[in-house]
Structure formats: C-alpha cells, structure tokens
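> Please read through the structure below; I'll follow up with questions.
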Amino acid sequence: MVRTKKVLKKSLKKTKVQAVEPIILQTLRGMKDILPSDQPYWDQVRRVTERLARDYGFFRMDTPIVEYANLFTRTIGEGTDIVEKEMYAFTTRGGDKVALRPELTAGNCRSYIQNGMSVFPKPVKIFSTGPVYRYDRPQEGRYREHYQANFDAYGEIDPILDAQVIQVAYRLIQNLGIKSVQIQVNSIGCPVCRKDYRNLLVNYLESKKAKLCQDCKRRSTVNPLRVLDCKEDKCSQVSASAPQSINHLCDECRTHFKVFLEYLDELDLPYIINPRLVRGLDYYTKTVFEIWSGAEDGKKHSLGGGGRYDGLIKSMGGEDTPAIGFAVGVERLILEMKRVQAKPYKAPRPRVFMAQLGNLAKRKSLKLFSELEKNGILVAESFGRGSLKSQLKVANKLGVDLTLILGQKETLDGTAIVKNMATGVQETVSVDKLVELIKKKLKADNVVVYHN
Ligand code: HAM
C-alpha cells in the first residue's frame, strides 16, 4: 500500500514536469492569415495576373515549395542576403539539405531542365504564383512569407522580349488600378564585360572602404555590385560616384541595351535609367528592372522586379538558354491598391434567398437549392433556422431581390412562393417552372451587373 502511494506520487510529479506546452494561438512572426475580408483584393490580383498571363502566352506551372537547398544557394548566389541571411534551410529526417523557396525562378529553371521543356517552341513562357519565404526583419511590405506572381520566358535573346516582359509587369500593375509607378531599368552586362567592370568597382570601393557600413566593407570584395544596392546613407553616398556598369558594357551588351530602350520608347513606358540598380540575386545578366510605387509620402516599395538571366540554365546543367522574367509581390500590390483606393474584385452575390417552413419543406428545399445552383443561380439560405420571420430577416439583411418560400402546402402541391423583396408582391409558381422564372426575373430587374 505504502509502495503504491509512492509510485502514484512519483507519477503525479512526472506529469507535472511534463506539462504540455499550450498551443500558441498566433501566426509566426512575419506571416499572416489571408482572411475572407481581404480576399476580394487577392481575387483581383489573381484574376488580373491570370488574365494577363493568358493574353501574353504564359502557361501556368506550379513547382514544390521545398527544394534542395543548393538549388537556391548556387543560382541566387552565396554572397546574397537572400542566401546568406534569409533562407529557411533545414535537414530532413532522411538527411537531405533542403530549403523553403525564397523565390520562384530557380525552381522553374530546375523544372524546365528536368522536364525537357527546351523542345517546346521558343520562347517558352511560364507563369507561376505562390508563397515564398525569406527570414528577413518584418515590417510593413516585408514579410517572412509573401506571395509572388512570377513570369519567366526561356529561349529568346532578342531585346524585344525584355520590353514585352516589362510591358506585362506594367500592364499588370495598371490593370489593378495602380496608375502612378516608376519603371527603373539598367544593364549590368554579361560575364565578359562584368569582369572588367567588377575590377574597376572593387578598386573604387577599396579606396572608400572606411566610409562603408560593416556589411558593405565585407561585400566590397565578395559581391561588390551589392554595395550599390545598400540602403545605408553613407553607402549611398559612396555609390553615387561609383563607376556605372552602363559605361562599361561590351559591344553586344551595349547594343542590346540600346535596342531595348528603343522598344520601351515605342511602348511609351514611363521608365528611367537607374545606373545603381543591380538587384538582390546574382543570376542576372544585361537587362535588370524594378517597378516602384509612386507613394509621394511615406515608404516607397518595389512592387516588382526582374531581368535577364541568360547564363542560368546552362550553369545549372541545361542547354545554353537565354531567359528573362520578373515577379511582383502580391502583398505589396495590395498595400498599394488600398493606398490609392483601387477597387477590389466584387464577387457576384446571391440575389435569391430560399426560406422553408416545416420538416417536409426543409427536406425538399435542400434539393431545390442544388437544382438552382446547377442552373447557375446563386442562392442564399439559412436552413438551420425554424421560423419564417427569422429567415426573412436574413434575406433582408443580404439584400436579395427574390425570396422563395417553401411551406408544407407548397411542398405537397409541387409549388413555391416567389416574393419580390422590393415590392412585397408574392406569386405561387410550379417548381418545374421555377428556374426559368427566376432567370427571367433576375434579368428583367437588371439590378446589378457584375464584372467577370
Ligand atoms: P525580388 O525582387 O527578390 O525578385 O522579388 C520580387 C518582388 O517580391 C519584389 O519586387 C517585392 O514586391 C516582393 N518581395 C520581395 N521580398 C519581399 C518580402 N520580404 N515581403 C514582401 N514582398 C516581398 C525575385 O524574387 C526574382 N525571382 C524575380 C524574377 C523572376 N527574376 C526573374 N524572374
């Protein structure tokens, strides 16, 4: 007996120590739920991006969120912030070193090679969207999980494609109702001319090293182009007088850039040349660009960015394949849409409410609801409620045009009452004729026309 008590005490003690941790009812820092109330904005972005992808011949592709980590370290670049500081990398139970994708292009290139897409007619245009992960310091417009809509085109070296891709990005932003933006373009050359330019830049930065921030002191030799992109004041001052890549392009890159600008002029796109635009990923060659929001006050955001990456597919083990693409950040687009009061998508709302009274009617209304839905009629209901009064209250709240009332008598007669909510006029209709009648009434009333 004494022993049993002891064991019991011991096990109770153990239970206390092993108390389960409470579930933290919070998203991780830098991540968020996209609630139903915000979905109209997301719907609008989805609709606009998907429509433009279709119109410009981009096919949708979805790749996994998790890939081998070296897919990203080798393509985006070891010395970049994304790889050095922001990757969600881990080892799986099976010992694979993997990472949550910090962008979509590397996965698309992997898939392009793996699936032999080089046999398709060029350019092969791919559209993808989804979440990407960067372990950055969160703030407005910068999240650890954010969504991108990404457009990539493979197999075309002609600068006409550079201009067309920028036009897609610009159209996308304009179609969302964001009218005031600035397109910044630059050319960072190819591996041939970049080598000389890089040396020049390293020498210049060496002479100014004392004036650079701690990060840039290190970057100035490892990845000197990144110094030009640093937001620290003192580094901006140094890069203001740094040698510019566009003044050191080889003949091929210079011609490419010149013709590209002529195409932009032809399209009347509002661009400026920003000689300090270098982008935060190492795979770019020749054309790079970003589109910035026009916020006069407060923080400006880059809504999207991209460029050419002619050497990437080959460096990954594929055929020599020039490529160009861009991605927009969905959250940033939505922030800007809200700021400029651009319209979100207005989903069609039900214009018919179905009310029922009594057990038999309740059973029949479930099937009738589905009949109407099959015929493209959106119906609202509150089947769980018993009284007609409380159901009509819901119908009024929803602002429907018609309410169908199904009682015991109607159910037995094979009819339903159709009530016009504006006039209060009621008529009894045979259930067989209901679909046609509702369709006719909704059209005739011409209450609201929703865009598709
Ligand atoms: P990126 O400039 O790193 O390019 O990202 C594209 C866009 O994603 C940015 O312009 C911004 O709107 C958004 N974005 C980036 N980081 C965050 C963040 N932490 N929170 C919220 N939004 C963010 C790329 O990712 C390239 N893969 C684009 C590309 C495609 N280049 C060629 N093809």
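The values are calculated or read from the model by the stated rules, or taken from the named source; none is laboratory data. Just so it is clear, the structure is predicted and the values come from calculations on it, not from any experiment. Positions of Cβ are backbone-derived with ideal geometry, glycine not excepted, and every protein chain shown enters the neighbour counts. The protein model used for the area step is the full one, side chains on, heavy atoms only, and it has no ligands, DNA or RNA in it. Shrake-Rupley method; radii C 1.70, N 1.55, O 1.52, S 1.80 Å.
> Please enumerate the residues belonging to the stretch 293-345 that are in contact with a strand residue (DSSP E or B) (Cβ under 7 Å, 6 or more places away or on another chain), polar (S, T, N, Q) and more than 23 Å from residue 103 (Cα to Cα).
none
> If you don't mind, there's one more thing I want to ask. Looking only at the stretch 414-423, decide whether some residue is assigned to a loop (DSSP other than H, G, I, E, B), small (Gly, Ala, Ser) and out of contact with any strand residue (DSSP E or B) (no Cβ under 9 Å at 6 or more places or on another chain).
Looking through the stretch 414-423, at least one residue is assigned to a loop (DSSP other than H, G, I, E, B), small (Gly, Ala, Ser) and out of contact with any strand residue (DSSP E or B) (no Cβ under 9 Å at 6 or more places or on another chain).
Residue by residue, here is whether (1) acidic (Asp, Glu); (2) within 13 Å of the chain's Cα centre (by Cα); (3) modelled with pLDDT under 95 holds:
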residue: 134; (1), (2), (3): no, no, no
residue: 140; (1), (2), (3): yes, no, yes
residue: 144; (1), (2), (3): no, no, no
residue: 147; (1), (2), (3): no, yes, no
residue: 156; (1), (2), (3): yes, no, no
residue: 162; (1), (2), (3): yes, no, no
residue: 171; (1), (2), (3): no, no, no
residue: 185; (1), (2), (3): no, no, no
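> Next question. Tell me which of these residue 255 doesn't satisfy, since it passes every other one: (1) part of a helix (DSSP H, G or I); (2) of a type in the set (S, T, N, Q); (3) open to solvent by less than 10 Å² (accessible area, probe 1.4 Å).
(3)
> Between residues in the stretch 71-86 that are part of a loop (DSSP other than H, G, I, E, B) and of a type in the set (D, E, K, R) and residues that are open to solvent by 10 Å² or more (accessible area, probe 1.4 Å) and within 14 Å of the ligand (Cβ to nearest atom), which pairs lie under 6 Å by C-beta distance while being six or more apart or on different chains?
Here the result reads 86/134; 86/135; 86/136, each pair linking the stretch 71-86 to a residue that is open to solvent by 10 Å² or more (accessible area, probe 1.4 Å) and within 14 Å of the ligand (Cβ to nearest atom).
> Within the stretch 280-307, track down each residue that is part of a strand (DSSP E or B) and either near the ligand (Cβ under 8 Å from one of its atoms) or open to solvent by 20 Å² or more (accessible area, probe 1.4 Å) (or both).
290, 291, 292, 302, 303, 304, 305, 306, 307, listed by residue number.
> Exactly one condition in (1) farther than 25 Å from residue 246 by Cβ; (2) more than 10 Å from the ligand (Cβ to nearest atom); (3) open to solvent by 10 Å² or more (accessible area, probe 1.4 Å) is false for residue 331; which is it?
(2)
> Taking the stretch 334-367, which residues are away from the ligand (no atom under 16 Å from the Cβ), in contact with a helix residue (DSSP H, G or I) (Cβ under 7 Å, 6 or more places away or on another chain) and assigned to a helix (DSSP H, G or I)?
Within the stretch 334-367, 360, 361, 364 meet the criteria.
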